[in-house]
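Since the structure comes first, as structure tokens, the remarks are kept for the end.
The values are calculated or read from the model by the stated rules, or taken from the named source; none is laboratory data. A quick note: this is a predicted structure, and the numbers were derived from the prediction, not measured. Here the Cβ positions follow ideal geometry from the backbone for every residue, glycine too, while neighbour counts run over all protein chains shown. Side chains are part of the model used for accessible areas, which takes the heavy atoms of the whole protein and leaves out ligands, DNA and RNA. Shrake-Rupley method; radii C 1.70, N 1.55, O 1.52, S 1.80 Å.
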Amino acid sequence: MRVTLTPSPVIGLLLAMPVGNVAAQCMDVLDGVSREYFLADTPREVEVAVAGMLQSGIAFDVVWACLKRGRPYSSEVDTGRLDLTRPNADGLALHYTMLIPVRYDPRKKYPVRVYLHGGVNRPAWKKGGTWWRDYEGFASDDWISVFPSSWNESMWWHASQVENLAGILDRLKRSYNIDENRIHLLGISDGGTGVYFHAFRAAGPWAGFLAFISHPSVLSAPGLGVDGEMYVANLASKPFFVVNGENDRLYPAASVRPFVELFRRAGGRVLFRPQPESGHDLEWWPEEQARIDSFIATTPRKPLPDRIVWETELTDRYHRAHWVLITELGQLAGESEFDNFNTIRSPPTLFLGIEPHMQSTKGVLVLDVESGSVAQSGGIRVGDLIVEVNGITTPTVQALGQALQSARFGSTIPIVIERNTKRATTTLTFPEAESIAIPAFPHTKPSGRIEVERRDNTVVARTRGVRAFKLLLSPDQFDFDRPLKVIANGTQRFNGFVKTDVATLLQWNARDNDRTMLFAAELEIRLEQ
């Protein structure tokens, strides 16, 4: 059952106002310095406005009601295609394009779709350059489309892009009336890998994740500058729509399937749509578009979920999930035990076990033979020329690979080798198929994990590697007129009343800019015995 703060007469008056002009009327109720807060456009302006409101002594009830209703929106805004640039905190300029419905109506809340492109190993955007072939193909009267840019200095899995996407959404919310709980993240190829990254590390703004012709294991590749480590537990309850081609030369569906199964075991809600005839392309899009639209329409975000699971190795970023923040890491006695959800069953692969000479044209020259391999069992030695496999001549390494495509697990095939100018036929015997348990993602640093569940006005937490965490408390989720209880790892850590606080409300709203996720108090829980 959801419990709420009992509204004061002022809140009752404000909530009864017509939706179309309530934000403007909220400003009329407030004084001038409060008006500055709603109209603040930069972090510095927000800071000054918050300080002014606190000095004015304005009542919590009034501020809460007005933030709940939100800022006023105008019909006098730019629509159509907008090509924009925003600076990150470090001065890095990031280009993005938005498609705003031409008949934009400020009285209506608009869903948002953010599309991450592929091919991030490219130079930075320049005027006249193209990142998407057809922006207008994604236009709609029913939602806003956003196309950020990524390149070799700022890839989707870099901290700069986490800041960038948050900044774009904040700017969008200040000018257009968007539905904060219907913002979906979509990505193609490298962009799909970026979708996985943000689900693992910065999931807060997103209602759902759509990853097309991509692979989560790319986030384990050295040299890409991936910001931190991936924890599959963070995908609990997260909705995914995943598409891969069975014939994709880069990310075949068969190689993605073990990750899909792992994500589901961790509680992720994954709709997996392998395409039997497709490669690394979007030829399947027309057939899947209706399902994509249906998935987006039926997966709104829950801004204040009653159950949260989160793991991180950092406390300066990527340590927050909705209303829970991990503030200090470290092992303690009496911790909980969790399934790490980091093991996949790797699909078996046919492996001959040789190092070939890439330039050979008379046959494949064997430079090395791996101990225990199929090649060694078949009697192949260093210096042999492989000239025929299963009746197919193999003058090159590519031809050898094609010949081996006929091999199957548990089968035997003939192979002709040339040794000291003499030819001989031997047999390759492939073992029965066996999958191998391997880590899904490397974990090299100590991490902390928390699982939190709200039960009426009680919070029950289980932790591992966490010394302290903070709860952000909302009147939409907790009853501030009743005692709040916190139990962590089986021990009561807090039992008492929590007071609403205007400063907390304003400061978190300034960060989140979210009408559906307002916090009236902070409560830090330390777990030392």
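Considering only the stretch 366-394, how many residues are more than 21 Å from residue 411 (Cβ to Cβ) and open to solvent by 50 Å² or more (accessible area, probe 1.4 Å)?
Residues in the stretch 366-394 being more than 21 Å from residue 411 (Cβ to Cβ) and open to solvent by 50 Å² or more (accessible area, probe 1.4 Å): 5 in total.
Please work out if residue 487 is open to solvent by 20 Å² or more (accessible area, probe 1.4 Å) and more than 30 Å from residue 365 (Cβ to Cβ).
Here the answer is yes, as residue 487 does meet what is asked.
Would it be correct to say that residue 351 is crowded, with 20+ Cβ neighbours inside 10 Å and in a loop (DSSP other than H, G, I, E, B)?
No, not satisfied.
For the stretch 61-77, give me each residue that is open to solvent by 20 Å² or more (accessible area, probe 1.4 Å) and in contact (Cβ under 8 Å) with a residue 40 or more places away in the chain.
Across the stretch 61-77, the qualifying residues are 61, 64, 68, 69, 71, 72, 73, 77.
For the structure I just gave you, tell me whether residue 338 is among the aromatic types (Phe, Trp, Tyr), open to solvent by 30 Å² or more (accessible area, probe 1.4 Å) and farther than 27 Å from residue 445 by Cβ.
For residue 338, the condition - among the aromatic types (Phe, Trp, Tyr), open to solvent by 30 Å² or more (accessible area, probe 1.4 Å) and farther than 27 Å from residue 445 by Cβ - is not met.
Within the stretch 367-419, how many residues turn out to be modelled with pLDDT under 80, outside any helix (DSSP H, G or I) and in contact with a strand residue (DSSP E or B) (Cβ under 8 Å, 6 or more places away or on another chain)?
The qualifying residues number 2.
Pick out the one residue from 227, 306 that is within 25 Å of residue 512 (Cβ to Cβ), open to solvent by 20 Å² or more (accessible area, probe 1.4 Å) and under 18 Å from the mean Cα position of the chain (by Cα).
Just a single option satisfies the conditions, and that option is 227.
For residue 452, state whether it is open to solvent by less than 30 Å² (accessible area, probe 1.4 Å), aliphatic (A, V, I, L, M), at pLDDT 95 or above and under 24 Å from the mean Cα position of the chain (by Cα).
Against the criterion (open to solvent by less than 30 Å² (accessible area, probe 1.4 Å), aliphatic (A, V, I, L, M), at pLDDT 95 or above and under 24 Å from the mean Cα position of the chain (by Cα)), residue 452 qualifies.
Specify which of the listed residues (335, 288, 261) is touching a residue at least 60 places away in the same chain (Cβ under 8 Å), farther than 27 Å from residue 166 by Cα, charged (D, E, K, R) and in a helix (DSSP H, G or I).
The match here is 261.
So which residues in the stretch 469-493 are aromatic (Phe, Trp, Tyr) and under 17 Å from residue 451 (Cβ atoms)?
469
Would you kindly identify the helices (runs of 4 or more DSSP H) lying entirely within the stretch 1-76 that contain at least 3 residues that are modelled with pLDDT under 50, within 19 Å of residue 475 (Cβ to Cβ) and more than 36 Å from the chain's Cα centre (by Cα)?
Fully inside the stretch 1-76 and qualifying: 9-15.
Would you please name the residue that is farthest from the chain's Cα centre (by Cα), looking only at residues in the stretch 144-176 that are surrounded by 21 or more Cβ atoms within 10 Å (Cβ to Cβ) and part of a loop (DSSP other than H, G, I, E, B)?
Restricting to residues being surrounded by 21 or more Cβ atoms within 10 Å (Cβ to Cβ) and part of a loop (DSSP other than H, G, I, E, B), the top hit is 176.
Checking residue 521 against (1) within 29 Å of residue 58 (Cβ to Cβ); (2) at pLDDT 95 or above; (3) open to solvent by 10 Å² or more (accessible area, probe 1.4 Å): exactly one of these is not met. Which one?
Residue 521 satisfies all of (1) within 29 Å of residue 58 (Cβ to Cβ); (2) at pLDDT 95 or above; (3) open to solvent by 10 Å² or more (accessible area, probe 1.4 Å) except (3).
Scan the stretch 494-503 for residues that are open to solvent by 60 Å² or more (accessible area, probe 1.4 Å) and in a strand (DSSP E or B) and jot them down.
Residue satisfying the conditions is 495 alone.
Which members of the stretch 230-251 meet the condition of being open to solvent by less than 40 Å² (accessible area, probe 1.4 Å), over 26 Å from residue 318 (Cβ atoms) and not in a strand (DSSP E or B)?
Of everything in the stretch 230-251, just one residue is open to solvent by less than 40 Å² (accessible area, probe 1.4 Å), over 26 Å from residue 318 (Cβ atoms) and not in a strand (DSSP E or B), namely 248.
In the list 471, 506, which residue meets the criterion of being at pLDDT below 95, open to solvent by less than 20 Å² (accessible area, probe 1.4 Å) and more than 15 Å from residue 332 (Cβ to Cβ)?
506
What pairs come out if I take residues in the stretch 171-190 that are within 15 Å of residue 104 (Cβ to Cβ) and of a type in the set (Asp, Glu) and pair them with residues that are outside any helix (DSSP H, G or I) and open to solvent by less than 20 Å² (accessible area, probe 1.4 Å) whose C-beta lies under 7 Å away, six or more apart or interchain?
179/110
Would a scan of the stretch 180-190 turn up a residue that is modelled with pLDDT of 95 or more and assigned to a helix (DSSP H, G or I)?
Scanning the stretch 180-190 turns up at least one residue that is modelled with pLDDT of 95 or more and assigned to a helix (DSSP H, G or I).
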